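Values quoted throughout were computed directly from the atomic coordinates according to the rules given, and no laboratory measurement underlies them. The model shown is predicted, which means the values in this text are computed figures rather than measured ones. Glycine gets a Cβ as well: all are built from the backbone with ideal geometry, and neighbour counts include every protein chain shown.
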Amino acid sequence: MTLATTASLAVDGFELIGGVLSVLECAELIEQLGTVGGAGRRGLLANPVVKQFADSGRIKALVRPHLLMEPQPVRAIYFDKSPEANWLVPWHQDLTVAVRQRRDVPGWGPWSVKEGVHHVQPPTELLEQMVAVRVHLDDSDADNGALRVLPVTHLSGRLNAPAVSQLRTQAHEVLCEARAGDVLLMRPLLLHSSSRSHSARHRRVLHVEYAGFDLPPTLEWSQEA
């Protein structure tokens, strides 16, 4: 296993950018976000603090070079892995976007509902026009369940279970260790996972997804994503 220090979003599908936030800014965000019940909390773009942060020039400047249009934040999730809420995530891709209501569109689907919000899988070429920003509010390493990725797998399109298993034997796993204040940029189609924490420390991450495309006229981005 290697570390993510030299990866680039353009080539590898992920990139670690150090020191985007100060320790004080991380502490302020943790205080504003409050406690998390369970693994995480969705719908955070409805939180004015998160929305302002996601729309800030500093964060958008990290994403803008990698999208065809002005980046728009479309979903935000807050994760807090701790001894009280500990979990593992199997290898997967992020394949859905959150929309206001279901309107069937050719090429879009299947549909699902998560915490009352409609989610749908857009065409692969649109998923390729998205970037996820993972803001680390704590140090993240192998002990407390840091993200693991398989580089370049974002170029393989939408993957079924046999394809994921095959790529796991071919690709070299990378551990995305990070310091509090570091930001990881990631393509949603990149295969990623995380292990359970074996530490008493928190691993808090604010995950914001940006789209570089507009939805079809019949769909609207969810205001609760």
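The table below lists the values:
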quantity	calculated
Whole-Hz ³J(HN,Hα) from phi, Karplus 6.51 cos²θ - 1.76 cosθ + 1.60, for the stretch 145-159, glycine and proline x	x, 4, 5, 10, 9, 10, x, 6, 5, 5, 8, 8, x, 6, 10
Positive-end residue, the stretch 145-223 charge dipole about Cα centroid, Cβ charges, pick of Leu155, His192, Thr169	Thr169
Shape call, the stretch 136-225: gyration tensor on alpha carbons, a/c limit 1.5	oblate
Total charge dipole magnitude, the chain, about the Cα centre, Cβ charges on Lys, Arg, Asp, Glu only, Debye to nearest 20	360 debye
The stretch 112-187 - charge dipole about Cα centre, Lys and Arg +1 at Cβ, Asp and Glu -1, debye rounded to 20	340 debye
Antiparallel DSSP beta bridges within the chain, as percent of all bridges there, nearest 5	95 percent
Alpha-carbon Rg with Dmax, taken over the chain, Å	16.6, 47
Inter-site label distance for His198 and Trp87 at 7 Å from Cα along Cβ, in nm	2.2 nm
Distance (nanometres) between label positions extended 7 Å along Cα→Cβ at Met69 and Ala161	3.6 nm
Within the chain, helix-based [θ] at 222 nm, where runs of 4 or more DSSP H residues each add -39,500 (n - 2.57), nearest 500	-5000 deg cm²/dmol
Under the Karplus curve 6.51 cos²θ - 1.76 cosθ + 1.60, θ = phi - 60°, whole-Hz ³J(HN,Hα) for the stretch 22-27, x wherever Gly or Pro sits	7, 4, 5, 5, 4, 4
Whether the stretch 144-191 is rounded, prolate or oblate, judged on the alpha carbon gyration tensor where a/c under 1.5 counts as rounded	prolate
Sites Arg102 and Thr124 - FRET efficiency at Förster radius 22 Å, r taken between beta-carbons, to 0.05	0.60
Most to least packed among 131-141, 95-105 [average Cβ atoms within 10 Å]	131-141, 95-105
